[in-house]
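Nothing in this text is a laboratory measurement; each read-out follows from the coordinates by a stated rule. Note that the structure is predicted; figures quoted are calculated from it, not measured. Cβ placement follows ideal geometry from the backbone for every residue including glycine, while neighbour counts extend to all protein chains displayed.
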Amino acid sequence: MSRTNSCVVAAAFVLAGLVSGCASSGDAVLGPPATAATTPATMAPTPTPTPTPTPTAATLPTVTEAFTLLPCPAHTPQTTLEIEGCDEHAIVRLDLRINHEARAMYAAMSAPSVKADFVAAQQAWIAYRHAACVSESDAAQGGTLAPVAFAGCEVRLDRGRLADLAALNPAAAG
């Protein structure tokens, strides 16, 4: 994986507080963000107590895509553009189902801490999906198969997320 993409992968863990971001070299920086007590001379942060977060019901994230939808032919796709277009159509359909299932589960939750945990899980999954698919498509970086690999990865991970949501709430699966 390239240095730039290690930062993309690290971004998935920034949400969880496992890394603080990326160094100027492009490498992920493990651990909590540096504090004002960190000095270049010592490079050892002064330990500070970590407050226990108060769970609050946050806004449930919506899975969306930034691409312009390519056409999907009625026949079996033959070209990379046709394959990518059909995968994009599948991604949009799966994203809608994920959003529907997640909203149904979220609405059924009553405790603010449970809602906050579910929101955090959705945010982390969205970041993970992107970072994992960028990493997977790096095998074809610069080639015409890179976007096909990325789209195929998103289809696979979306299907997995739907299965995960169904396992968490069998009554909402549909």
| request: Multiply the residue separation of Asn99 and Ala66 by 0.36 nm, subtract the distance between their alpha-carbon atoms, and state the gained length in nm to one decimal. | output: 10.3 nm
| task | First select every other residue whose beta carbon is under 12 angstrom from the beta carbon of Glu65; then total the charges, Lys and Arg +1, Asp and Glu -1. | result | -3
| request: Give, in nm to one decimal, the length gained when the segment between Ala139 and Leu81 is fully stretched (0.36 nm per residue of separation minus the Cα-Cα distance). | output: 19.1 nm
